[in-house]
Amino acid sequence: MSSLAAAHRYLVDRVTPVVITTKLRAMAAMLNHRPSLRHHLRDVHPIAGAHAFRATIAFVTEDGRDRAHAVFAGGTMRVSSGGAAEPDLTVRFRDREAMRGFFAGQDTFAMLLDNALTFEGNLSCLLKFGHMSAAVTLGGKKVAPAQPWQRGPARPEELPVPPAGEPCAEPPVGEVVHLDDPHLAAYTLADFPRLRRLLWAARTTQPSICTERALLVTEHALLHRRDGDPATPPVLRQAEAIHHVLCHKRAIIHDDDLLAGTVTAERIGIPIFPELGGTGIWPELLTVEARELNPYRISERQIEDLDRRVFPFWINENVREWTKAHAADRTALELDERFVLYFMWKTQATTHTVVDVPRALSRGLVDIQAEARRREAESADPGRRAFYRALWLALEGVLVYAAHLADEAERQLREGRFTGEEGEARRATLTEMARICRKVPARPAETLHEALQAIWILFVAQHNENMGAGLVLGRLDAWLDPYLQRELAAAGDPVAKRRGIERAIELCGALMLKATDHLPMVPDVGNRLFGGSSENQVITLGGVTPEGKTAVCDLTWILLKATEMLRLKDPNVNARYAPGVNSAAYLRRLCEVNALTRATPSLHNDAAIVPALTAQGFSLAHARDWTATGCVEPTSCGRHFGHTNCMMLNLVAPLEMALHDGVHPVLGRQVGPRTGGPENFADYASFWRAYQAQLGCVIDRSVEANNLLGRAHQVLKPSPLFSALFDGPMEKGKDVIEGGARYNTSGTAMIGLTDVVDSLAAIRRLVFEQRRWTLPVLVAALEADFVGHEALAAELRHKAPKFGQGDALTQEIAAEVQAFVQARFAAQEHYRGGTYLPGYWSMSNHVAFGLLSGALPSGRPRGKPFTPGLTPAASAQAALTSQLRAVARLDGARMPNNIAFNVKVVPGGGDSQRAVVDRMAAYAGAYFELGGMQMQFNVVSSATLREAMAHPEEHRDLLVRISGYNAYFVELNRDIQAELIARMEHQLGAAA
Amino acid sequence: MTGAPLIFALERNALDDGPGIRSVLFVKGCPLRCVWCQNPEGLRAVVELQLNAEACVGCDACVARCPHGVGRPAHEQHAGARCRACGACVDACPAAARRLVGAPLDPERLAAALLEDEPFYRRSGGGVTFSGGEPTLYPRPLGQLAAALRARGVHVLLETCGQFAWEPFAEHLLPQLSAIYFDLKLADADAHRRYCGVDNAQIRANFVRLRHSAVELLPRIPLVPGITDTAANLDALGEWLVALGVERVALLPYNPLWLAKRVPLGQPAVYSHGAWMPEQAVAACAARLAARGLRVQRWAADATPSTFGTGQKSALSSLS
């Protein structure tokens, strides 16, 4: 240690304890006496009346040497040194430096993620404390951004028009009816000025926090707590809540809108779900507008609303805290809050699912309401009667909202001034909009426009019941094509038909742009965990019909055209390809759109996914009717409640535990069973058993946490609207969260498979077969992050086979790990009587988990990202064909929640567009022929990405695929940017 | 030639040695000794030791393990004369900085390895390319391998220097080939002897014979600054090709990266032009040939396989 560092350490050690008590006392003085801050401790609410913040928060360093605590009660804050009895929250600092950092205003979540800080007890208390601390430091004033928000050109006409693809050489028989050129190559964005204006607004508007829903849902909850019957069944209470929200939500129609309605009251709004993870933004309220990545606009009024009228009433009533408070054993939940072993999504959402859209379109909601009424009348069971009443009421809320939209269109017609040709056109649009909103979704849709408007209203409503995290738009081509066919068949002449096709392109584009009108609330730490991710509202194209015929139709090509023109990160477009049923021309077009947009759509193989679903008990027709969900996960449409992103599990953590007798190095304590230190393993088989024991323990814990959270949702947050729109709940008389859907599963994401396989292969080959060194020697090298062990590290990297190189050993190990995971999950109990389905994709958690992991036997150094999704390591330097074969050889039945396989390709400067697309189609087609399940091309060079890092303002629309979702590269944090750059780059062709 | 037929690399996902997605089999051994040889590891038909000094971590495990007592200095650069290429140091080296170049050309196992990528060949209009070294050194095993590939519908392309005995080639290999890329370097026999080690009589004769066979034949001229890219040479080659009724010729612009491959093999470089060809120079060569009515095709400058680190090549160990 240098003398300077020693001096620093001395100061930290000597000064910190004093600083903490001093800091807390200073904070108390401000909060207790400064009039502008006192409301943090004691406040008045129009419904809740006078109330005070009550909590005891203890602060302690890991070694227990420094302790202080604060008691909030009766409108004051009192500070004492020493420990507290039964605190609501204990904040534990790794060391004194972490303690100082916390009080100096470091981001709470970032410290949690780095394990500089851990906590026991109520997280919302910690978040409120974080906000009070920021308020004291900043004098209650929000921080202004360093630079004003500026994205893209000043006017819509300056928005660049991306080039179109080439015309289709040979339109495939049976997959095109009315389109002369299914590629629609004659059109560009310039032909759709309205879409261009809407796209410009989507690209250039800064997202804003929206408090509308949060205020309404809080208002309802407080009214219910004050006046309601405590015995009201949860599902009926929630129906009242969504009814309340939809009835009072502002009906908004923007200029240029073809479809009425908005998810929030802002142009691009961030809705807040205080009953779920909404309080996560609490500590950031004053700084979120100034943060570097994805800053949100927020007004003083909104800050005040959230801080005083929303969050205080959910501190104990949100899913996370309720679950902890009611769990007999909190261990599994506390492990979730360490971010090391797994990340549970149910604290935020249960979405990642899709409702039965065709049923709603063909029957209309009034008819579904009538069925609910009839079943209520026929049922003797009071619980069931309440359930059916809840379904009716939730749908009634949707109908009221639709009526309000019609009212709004009529108001604009009354009050607007419509002059000239454009004015007349707008008047006609509004008139049609009012007519449509009076008709759908109440009654069956009959035109494409009606169907799209109905879908959008239902989507808005779902987003106000549940947090939008992977709500699915679905198989829009298959569902909507019948409407288009009817209209085009009725078109009298070629001109009318052409107009009909152009109208369809515009309407589909309008729906996709509508889906950009909201974003999920992401605390700053989320920029690190799920960098740049939007909600991931999946549109799935192509594949087969329930009868097994091709589902590629005119509307498939139209949606591909819209995808090509708009280049949006979300909706997340996924394409199904059924070998032998879908045409080669269709696969080629998918690759062309992927090449033009660089990142979308991702490609899925029906021949692998459908059997994986039937193996899980789905009927063949239902398995064939699947849509991707969130990133890649298959869900059978409208009948399958599959919360496909219930957890993200770190497969590497149990490996580190197996090397340390069940202790995880970062957590620093016994997490798994004692399987023996590294000196105890005589052979690979015994080490493999230890890994299985640790992995099994982590899986069991993760399932325990998910089941606890699921049961909390059953009490706190049933989804009557989902239930009304699903196939199953009506018949079973149960909410989807109780198992009402026809199929029930929970989907998981296993992260770091390649890292585990390469590590196990190195251990088996080098330690136990070749006996190059002992396991304790290897562990010592890992603990030293290979410093002083360079030869050993080189051997790990070069002398052991790596997954993707085509050798038998890694293939065998991968199969063994997957078989174990599959069997372990299959054996689990499930809170709503379903099954757990493993998948292998990672969003961007391979970066976050990697940060918390030590050096690995694969040769990967400490802290580096894992491999994304299910992708061979770049360091394996395997040829693309070998990689594709290796991934294709994995058994799809063991990955029913799908995979994300990233392939970064770079066209040579001398290649024609046609040659590039031909080659991509050859790779994808061969991969699928070999049984591959999913793949996603990033068509971009590392050089371009580096250039974008240096000059982000010139690359605002550079779309990249992370692991299952798209993002704009410049919105990613630097760790994820670096991971994308480090991915292996496959040349697609010769240089110029 | 001594010993069993050898290969020195199998490169998968190759996009530069013929149409489509291909695998390239590099055969070890060559009758020519071109001073600019791009694949020096393919020259000798024996197993050789190759050292990648950059990957060396300086642990001296190789010295400790060497049964022939090759001392340190030799290991730092190259094993030298006492080395028997026994492979003991390859096994000892933790960093894979050493490898033995040369694995048996086993038609059955190679057919299995190459056919793994059959769907990629079929869907891209690709196939398998025999390159080297000089594949025609081994007409029987390669003919057998090509037959196994053709039986599965795989396109098989030969890249040759043209220096081979006609009869065994025509009997065993030629009938199995889909296409031939035939390299023509120097028109003048003396110059050919000087720069390539042998004169060009047999090469010319073989080219003429192939002109009269049914196989698709593409002559290629490697452009080597100061040697093959001279006006006199290009004129002479062009004239000869036109006289034979050839319509198409390909140019391979000089690639200096091969220089880095000499050192690992302990081979001194005689010719050491270290720069890429300027675009105008290549264009001038093309124009010269085009003026004679030939259709000139440009080849990518960096289309040669490298030995270390690019990763596209599967290590030979995965074949054994």
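The values are calculated or read from the model by the stated rules, or taken from the named source; none is laboratory data. All figures in this text were calculated on a predicted structure; none of them were measured in a lab. Please note: Cβ atoms are built from the backbone with ideal geometry, for glycine as well, and neighbour counts cover all protein chains shown. Accessible surface is based on the protein model in full, side chains and every heavy atom, while ligands, DNA and RNA are left aside. Shrake-Rupley method; radii C 1.70, N 1.55, O 1.52, S 1.80 Å.
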| On average over all directions, what projected area in square nanometres does the range A:527-592 have, based on the convex hull of its Cα atoms? | 5.5
| For the range A:25-144, convex hull of alpha carbons as volume per residue, Å³ | 119
| For the range A:489-590, what is the charge dipole size about the Cα centre, in debye to the nearest 20, if Lys and Arg each add +1 at the Cβ and Asp and Glu each add -1 at the Cβ? | 300
| message | Using 0.36 nm times the number of residues separating residue A:446 and residue A:308, minus their current alpha carbon distance, what extension gain do you get? | response | 45.0 nm
| request: Go through A:128/A:904; A:439/A:514; A:23/A:249 and tell me which ones have a Cα-Cα distance over 31 Å in this structure. | output: A:128/A:904; A:23/A:249
| query | Using a Förster distance of 51 Å, how high is the FRET efficiency between residue A:226 and residue A:700, based on the Cβ-Cβ distance and rounded to 0.05? | reply | 0.75
| remark: From the Cα centre of the range A:551-591 to that of the range A:260-276, the distance in Å is 30
| query | Residues of A:884-895, mean number of Cβ from any other protein chain within 10 Å of their own Cβ, rounded to a whole number? | reply | 1
| message | If I take every Cα pair under 8 Å that is 6 or more residues apart in the range A:656-726, average their sequence separation and divide by the length, what percent do I get for the relative contact order? | response | 23
| task | Determine the principal axes of the Cα atoms in chain B, then give the extent along each, sorted from largest to smallest and rounded to whole angstroms. | result | 62, 44, 34
| Occluded residues from the range B:92-119, i.e. those whose accessible area drops by 40 Å² or more once the chain is not alone (1.4 Å probe) | B:94, B:116, B:119
| field | 222 nm mean residue ellipticity, helices alone, for chain A (DSSP H n ≥ 4; -39,500 (n - 2.57); rounded to 500) | value | -14500 deg cm²/dmol
| query | Using modelled backbone amide H atoms (1.01 Å from N, in-plane), which distant-in-sequence or interchain residues come within less than 5 Å of residue A:61's amide H? | reply | A:66, A:93
| remark: The extension gain from residue A:819 to residue A:954, computed as 0.36 nm times the residue separation minus the Cα-Cα distance, is 44.0 nm
| said: Rounding to the nearest 10 and keeping the result within 0 to 90°, find how far the Cα-based axis of helix B:201-211 lies from the longest principal axis of chain B. | reply: 60
| message | Just to confirm my numbers, what's the Cα centroid distance between the range B:101-117 and the range A:655-731 in Å? | response | 44
| request: With an 8 Å cut-off on Cα pairs and a minimum separation of 6 or more residues, tell me the relative contact order of chain B in percent. | output: 21
| task | Go ahead and estimate [θ] at 222 nm for chain B from helices alone: -39,500 (n - 2.57) per DSSP H run with n ≥ 4, summed, over the residue count, rounded to 500. | result | -8000 deg cm²/dmol
| query | Across the residues of A:791-800, average count of Cβ atoms on other protein chains within 10 Å? | reply | 5
| note | Both in Å, the radius of gyration and Dmax of the C-alpha trace of the range A:822-963 are 17.8, 57
| note | Here the FRET efficiency for residue A:490 versus residue A:150, based on Cβ atoms and R0 = 45 Å and rounded to 0.05, is 0.45
| Size-normalised alpha-carbon gyration radius of the range A:93-159, reference 2.2 N^0.38 Å | 1.63
| task | Divide, for the range A:300-372, the radius of gyration over alpha carbons by 2.2 N^0.38 Å, where N is the residue count. | result | 1.71
| request: Between the alpha-carbon centers of the range A:766-786 and the range A:383-428, tell me the distance in whole angstrom. | output: 67
| remark: On each of the three principal axes the extent of the alpha-carbon atoms of the range A:409-460, given in whole Å and largest first, is 34, 19, 17
| Could you give the radius of gyration (one decimal) and Dmax (whole number) of the Cα atoms in chain A, in Å? | 28.1, 89
| Taking the Cβ of residue B:282 as the center, what net charge do the other residues with Cβ under 10 Å away carry, scoring Lys and Arg +1 and Asp and Glu -1? | -1
| said: Using only alpha-carbon positions, what ratio does the radius of gyration of the range A:27-86 give when scaled by 2.2 N^0.38 Å? | reply: 1.31
| remark: Expressed in nanometres to one decimal, the distance between label points 7 Å along Cα→Cβ at residue A:186 and residue A:827 is 6.4
| query | On average, how many beta carbons from a partner chain sit within 10 Å of the beta carbon of a residue in A:807-813? | reply | 1
| query | For the pairing of chain B with chain A, what total accessible surface becomes buried, with a 1.4 angstrom probe, in square angstrom to the nearest 100? | reply | 2200
| query | Once amide H atoms are built 1.01 Å from N in the peptide plane, which residues 5 or more positions from residue A:871, or in another chain, come under 5 Å H to H? | reply | A:754
| note | re the range B:82-146: pairs of Cα atoms spaced beyond 13 Å account for a percent value of 73
| Out of residues 5 or more away from residue B:297 or on other chains, whose amide H comes under 5 Å of its own, with H placed 1.01 Å from N in the peptide plane? | B:249, B:250, B:251
| Surface per residue (accessible, 1.4 Å probe) for the range A:22-140, Å² | 42
| message | At 1.4 Å probe size, with the rest of the protein present, what percent of the exposed accessible area of the protein assembly as shown is carbon and sulfur atoms? | response | 52
| query | Under Stokes-Einstein, with the Kirkwood radius over Cα pairs standing in for Rh, what whole-number D in µm²/s applies to the range A:496-561 at 25 °C and 0.890 mPa s? | reply | 168
| field | Two-site label geometry, residue A:34 and residue A:545: point separation in nm, points 7 Å out along Cα→Cβ | value | 6.8
| field | Label-to-label distance, nm, for residues given as residue A:141 and residue A:380 (7 Å Cα→Cβ offset) | value | 7.0
| query | Using Cα pairs under 8 angstrom and six or more residues apart, how large is the relative contact order of the range A:151-293, in percent? | reply | 25
